[in-house]
1. Hey, quick one: spin label on residue 377, modelled 7 Å out along Cα-Cβ, who in region 338-361 has an amide N within reach, i.e. under 17 Å?
2. So what's the angle, to the nearest 10 degrees on a 0 to 90 scale, between helix 55-79 and the longest Cα principal axis of the chain?
3. Between residue 532 and residue 86, what's the calculated FRET efficiency when r is the beta-carbon distance and R0 is 45 Å? Round to 0.05.
4. Please give the length that would be gained between residue 104 and residue 27 if that part of the chain were fully extended, namely 0.36 nm times their separation in residues minus their C-alpha to C-alpha distance (nm, one decimal).
5. So, R0 is 56 Å and r is the distance between the beta-carbons of residue 4 and residue 356; what FRET efficiency does that work out to, to 0.05?
6. In region 527-552, whose amide N lies under 15 Å from the spot 7 Å out along Cα-to-Cβ of residue 187? List them in ranges.
7. Roughly what would the spin-label model give for residue 646 and residue 79, points 7 Å off Cα along C-beta, in nm?
8. I need the shape label for region 133-243. Rule: rounded when a/c is under 1.5, else prolate if a/b > b/c, else oblate, with a, b, c from the alpha carbon gyration tensor.
C-alpha cells in the first residue's frame, strides 16, 4: 500500500539522510510526514469501512491502544540503557546505534495514533442520521495543520510560537465539538452503560498518565519529538482527543443512566413481541408453545415467575417458569378458590398475604396477576404472573401485558386450529385470525378532541390486507396519528401490521418528532421484515391548541389539506419503511409543518381508495377524491366519509373490492360551529 511504502521510505530518509538542520530540510521533512500520516489514515479508513462492530468493541479497542502505548513506553525504559538515544537530536540523523530504537518506537506510536483516530471516526459516525462529514473533515484538516506547524514552536523560531498554539487551540475546540456526537449511547443497555463509565474513567486515567510519561525532558520524548515534529504532535493530539472524548462520554453516559432501565425494558418488550409474532406461525406443539409464552411473559412484564392456566374439562397448568410446580399448583388453587377465574375479563391483581397465612413456598412473592387470554370471544385460560415486588404495574405496562396476552391467545388458538383442521380449513382460520388481529389493532373508538371533528372508515377486502390507522396521546397535550399500508395480503400482512402498531406505540412515548419515530421504527423492522415486504405510512403530530401539524411520509399516498377553497397535496419526501435500512432512509425522510386553520380539514387514505377499479379497470384516482372533498366543504367529517364510500361503491359497480379501504378525516371546527 502507498501509505505504508511512504512511511518506510520516510523512515529510511530520516534515519540515514535528512535532519532538521535547515529550514528547507525541516519543511521537506514535516510536509512529507503530514502527507504520509494522512495517507495512512485514509487507507486505514478505507480498509475498516466495512467493519460492523458494537460501540463497546471500539471502546475496548481504544483501551487496548492506550495500554499498548504505555507498554511501549515501559519497554523503552527497560532498554534505554542499551542505546545512546540521549544524544539523538532533531538537527541530526541518528547514529547507527540509534537507528533501531528510533525507528521501532516511532513506528509503534504512529500505528497506535492512526488506529486511535480511525476508531474515533467509527464512533463519531455511529448511529448518526445526518451527514456529518464536514465536521469530522474540518477537524482532520486542523489536526494536519497543527502537526505541520509544530516545528515553528522550536527555539530557533521563537517569534512564530503563536502559530502552533493557535492551531492547537482551534483543533482542541473542534475535537471537543466532535466529541459531543455520541448519539449511539442511547442505544446501549444499562449494563453496557455501566461498563462504559468504568472504561471511560480507566482510559482517561491511563491517557493522562501516559501524557505525563512522555512530557518534555524525558528521553522518550526526545526520540519521538526529534524524529519528526509532525509525528510527535499528531501522537499528542490523539492522546488529548482520547482524554476529551472519554470525559464527554463519561458525563453523557452518566446523564443517560437514569433512563437506561426504561429503554432496556422497552427494547426487550418490542423484541419479545416481534419474536412472539413470528412464533405464532412456527410453534404448534402445545407444551413448547406454553413454555415459550411463559418465558416471553417474564421478559415483557418483568415478573419473577409465570405459567399458563388452561381452562377445560380439567383445568391444568403449563409452561411453569421461574418457580416450582408445587408453588404454581398451590397459588393456582388459591386463586380458583378465591374467585371463578373463567369470568375474569381483564387483568386482575391479588395480594398474597392471605395465601401465606396458611401456605409456604420456597420463595416469598408479594402479588399475583391473572391476565385472560381471549380470542374469538373465547377465553382459553389465564396468564399468571408472580412478583416479589409489591409495586403495581402502571397503565402503560398493563396495556403491553394485555396486548401480549392477546398475542398468546391468538397463538394458542392458531395451534389448536392447525392440529384440528385440514389444509383448506387451516388457511381459512388463519384469515380469520388475521381479521381478528386487525380488529384488535385498529382503535375501538376515535379520540375526542375539543374543537375538532375526527372520522375514520375501514372497510376490509375479502382477503385480509395490511391497512392500519391509529391515534396516540402524546406528552404536552400533543396528539399523534398514523395511517399505514403493508405490502402484500393475508395473515403475514396482518402480523406485520401488528408489529408496526407495537413499535409505534413504544417509540411514540420516547421520541418527539414524526421523523425520529419513523427512523427508529424502520431500524427495528429490519430484524423482522421479509426482503419483499415494505410499509408505506404517514405519521403526524398535531398541537390541538394551535392547529400546528408536523407530518413525515414514508412513501405513502399524499395527505390532502383542504384550505381556502382548494386542495393542497402534502407529499414530503421519504422512502417506504423496509425499503432501505441504511442512513439514507433518515436522510431522505423529510418533515413538513403547516397549520390546520379553523374550517380546514385533512384527508388521509390508503391506495385502496385511489386505486379502486371499475368494470373497465379504470382507477378511481386522487383527482376525483379531491373534487368530492371540495364540493362537500360544508359537511361534517362523518358525512364526508360516508359520501366518499358511497362514491367509491358507485364507481366500482360490479367490480369486487380488491384492497382494504381506509380513510381518516380530521377537521378543525370554526368557533361559530363550536
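1. 343-346
2. Between the helix axis and the principal axis of the chain, the angle is about 20 degrees.
3. With a Förster radius of 45 Å, E is 0.05.
4. Result: 25.4 nm gained on full extension.
5. In this case the efficiency is close to 0.20.
6. The answer is 527-528, whose backbone nitrogens lie closer than 15 Å to the label point.
7. Inter-label distance under the simple model: 9.3 nm.
8. Oblate shape, in that a/c is at least 1.5 and b/c is the bigger or equal ratio.
Read-outs: derived from the displayed coordinates by stated rules, not from any lab. Here the structure is a predicted model, which is why all the values come from computation and not from measurement. Cβ atoms come from the backbone with ideal geometry, glycine included; neighbour counts cover every protein chain shown.
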